[in-house]
Amino acid sequence: MAHDGLPMNAALTAAATPICEPPLGHDVDQERISVARLTLTDFRSYATGRIESDGSSCILTGPNGAGKTNVLEALSFLAPGRGLRRAKTAEVGRRDLTIGAAGRSWAVAARLQGPRGPIDIGTGTRGNDSDAQSVERRRVRIDGDDVGQQSALADHLALSWLTPQMDRLFLEGPTARRRFLDRLVFTFDPAHAGRVSAYEHALRERMRVLQSGRTEPAWLDALEATIAEKGVAVSAARSTMAQNLNQVCQATEGPFPSASVECQGQVETWLADGPALGAEDQVRAALFANRTSDAATGRATFAPHRCDLLVSYSAKQQPADACSTGEQKALLISLVLAHADLVRRTTGTAPILLLDEVAAHLDEDRRHALFNQLIGLGGQFWLTGTDASQFKPIADHTAHFTVSNGDIRPL
């Protein structure tokens with residue numbers, strides 16, 4: 001999907017201005033998809049939990065450990081994948097010592113509100129809680145019907161999130177950054193997750209064959225062809241996302257730092273220099289040449305998965321990992337907001353944003369700027385925090401709930 005020539009955001013409103021409806025979103029005919037009702041059953045700390053928001057954006061406040069992040073995690077399971085904590089299916093069920101170490105079967109259900117009317121979606125596990133397999137099989141339902149694939153959830157809503165655990169994104173290894181980039185791609189192209197999965201499976205199978213000691217050149221040829229095809233497609237999607245994100249970031253001015261974004265790797269270089277088919281040929285040749293060394297070391301010395309997402313603070317021309325902690329947090333917020341704006345401008349629907357404790361370490365001016373841009377995006381957002389007073393400027397635009405010991409109540 002090409003995004004060249006997209007109109008860009010005007011500059012952010014001045015940070016000190018009152019919270020209002022900024023003149024954003026008039027360049028597209030926007031549809032709004034929101035969660036009007038959320039129901040939790042045996043999820044994390046909640047035996048039961050219910051939030052009725054009528055589609056409004058939501059604020060969740062309460063002390064640390066009250067269960068605010070658990071609500072956001074439940075929402076994140078309404079997208080394919082392992083949620084914002086990357087938890088295994090069996091890990092999120094409410095714990096009960098009477099049924100052993102495994103958690104209970106659990107469920108998350110939502111009534112979506114949109115231009116095509118209400119839609120009920122849900123996910124979770126079911127079966128005998130004492131049976132480990134029954135709490136590991138995640139199921140998805142759309143309007144009461146079982147569907148076979150988690151990817152069906154992406155047909156109904158898009159989600160993006162930012163959590164305190166992501167604050168070290170620029171300091172950790174490239175795996176976390178690739179995962180972050182893949183999630184951004186997935187918002188536009190749900191099939192991307194399938195290509196990543198097929199690529200990783202073929203990579204593991206190739207290593208298994210290499211280390212088995214058997215000579216199976218035809219099988220290795222087939223696996224390496226799959227690795228090349230899927231890997232180049234994954235690399236191309238990552239590069240396109242980085243380029244489009246960079247375009248939005250460079251055109252945005254305001255209190256959050258403008259980020260320079262690049263996807264860097266050998267396959268990305270080949271794609272920049274020539275066609276995708278040529279890159280696939282080069283990947284296959286490299287894999288073939290490395291068979292002996294890969295078998296000896298037990299790892300792929302070359303593969304498309306070795307790219308990295310490079311982010312810099314544009315104004316300072318400084319890599320993100322060399323920036324201060326506060327600057328890194330601001331860069332992350334800038335990236336998430338830029339991606340949400342890119343989704344809105346490209347698809348006509350802003351993603352639902354889940355922002356955990358995002359306002360806690362921002363000064364008042366940046367909090368106002370963040371609130372203004374969230375409202376200007378036009379989509380639903382869910383914010384958590386311990387200090388309810390921080391959210392007073394957007395009280396008229398949101399539904400506010402207090403959370404305490406697994407209990408959720410309207411403020």
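The values are calculated or read from the model by the stated rules, or taken from the named source; none is laboratory data. Computed from a predicted structure; not experimentally measured. Every residue, glycine among them, receives a Cβ derived from its backbone with ideal geometry; neighbour counts consider all protein chains shown.
Quick notes on this one:
- Condition met for Arg284 (touching a residue at least 12 places away in the same chain (Cβ under 8 Å), part of a helix (DSSP H, G or I) and farther than 19 Å from Ala340 by Cα): yes
- Among (1) more than 22 Å from Arg183 (Cβ to Cβ); (2) buried (at least 16 other Cβ atoms within 10 Å of the Cβ); (3) polar (S, T, N, Q); (4) at pLDDT below 80 - the single one Asn9 does not satisfy: (1)
- Selected residue (criterion: nearest to the chain's Cα centre (by Cα)) from residues of the range 375-397 that are buried (at least 22 other Cβ atoms within 10 Å of the Cβ) and of a type in the set (S, T, N, Q): Gln380
- The set of residues in the range 365-390 being charged (D, E, K, R) and touching a residue at least 60 places away in the same chain (Cβ under 8 Å) consists of Asp365, Arg366, Asp387.
- Tally of residues being more than 30 Å from Phe381 (Cα to Cα) and outside any helix (DSSP H, G or I) across the range 293-315: 7
- Any hit, the range 334-349, residues being of a type in the set (D, E, K, R), buried (at least 17 other Cβ atoms within 10 Å of the Cβ) and farther than 14 Å from Cys249 by Cβ: yes
- Given (1) within 16 Å of Ser160 (Cα to Cα); (2) crowded, with 18+ Cβ neighbours inside 10 Å; (3) among the polar types (S, T, N, Q), index of the condition Asn372 fails: (1)
- Residues located in the range 316-347, provided they are part of a helix (DSSP H, G or I) and among the basic types (Lys, Arg): Lys329, Arg344, Arg345
- Filtered by the rule that a residue be of a type in the set (D, E, K, R) and without any contact (Cβ under 8 Å) to a residue 40 or more places away in the chain, the range 53-85 gives Glu73, Arg82.
- Flag set for Phe401, criterion: in contact with a strand residue (DSSP E or B) (Cβ under 9 Å, 6 or more places away or on another chain) and over 28 Å from Phe186 (Cβ atoms).
- Residue check for Asn405: closer than 17 Å to Ala74 by Cβ, touching a residue at least 40 places away in the same chain (Cβ under 8 Å) and over 21 Å from the mean Cα position of the chain (by Cα): yes
- Residue check, Arg204 touching a Lys or Arg at 6+ places or on another chain (Cβ under 8 Å) and not hydrophobic (A, V, I, L, M, F, W, C): no
- Condition check for Thr215: surrounded by fewer than 16 Cβ atoms within 10 Å (Cβ to Cβ) and not in a helix (DSSP H, G or I): yes
- Candidate set from the range 350-368 (those that are small (Gly, Ala, Ser) and surrounded by fewer than 24 Cβ atoms within 10 Å (Cβ to Cβ)); member that is modelled with the lowest pLDDT: Ala360
- Looking only at the range 300-322, and only at residues there that are surrounded by fewer than 17 Cβ atoms within 10 Å (Cβ to Cβ) and among the polar types (S, T, N, Q), the one that is nearest to Gln250 (Cα to Cα): Gln317
- Qualifying positions in the range 40-52 - surrounded by fewer than 21 Cβ atoms within 10 Å (Cβ to Cβ) and either under 21 Å from the mean Cα position of the chain (by Cα) or assigned to a loop (DSSP other than H, G, I, E, B) (or both): Ser45
- Residue in the range 229-244 that is among the hydrophobic types (A, V, I, L, M, F, W, C), within 30 Å of Lys68 (Cα to Cα) and surrounded by 21 or more Cβ atoms within 10 Å (Cβ to Cβ) present: no
- Residue in the range 396-411 that is in a loop (DSSP other than H, G, I, E, B), closer than 28 Å to Arg44 by Cβ and among the aliphatic types (A, V, I, L, M) present: yes
- Of everything in the range 87-106 that is at pLDDT 80 or above and over 15 Å from Ser45 (Cβ atoms), the residue that is surrounded by the most Cβ atoms within 10 Å (Cβ to Cβ) is Ser105.
- Residue match in the range 348-362 (condition: of a type in the set (Ser, Thr, Tyr), assigned to a helix (DSSP H, G or I) and out of contact with any Pro (no Cβ under 8 Å at 6 or more places or on another chain)): no
- Arg238 being part of a helix (DSSP H, G or I), modelled with pLDDT of 95 or more and under 20 Å from the mean Cα position of the chain (by Cα): yes
- Residue within the range 178-186 that is modelled with pLDDT of 90 or more, farther than 18 Å from Arg86 by Cβ, out of contact with any Ser or Thr (no Cβ under 8 Å at 6 or more places or on another chain) and not charged (D, E, K, R) present: no
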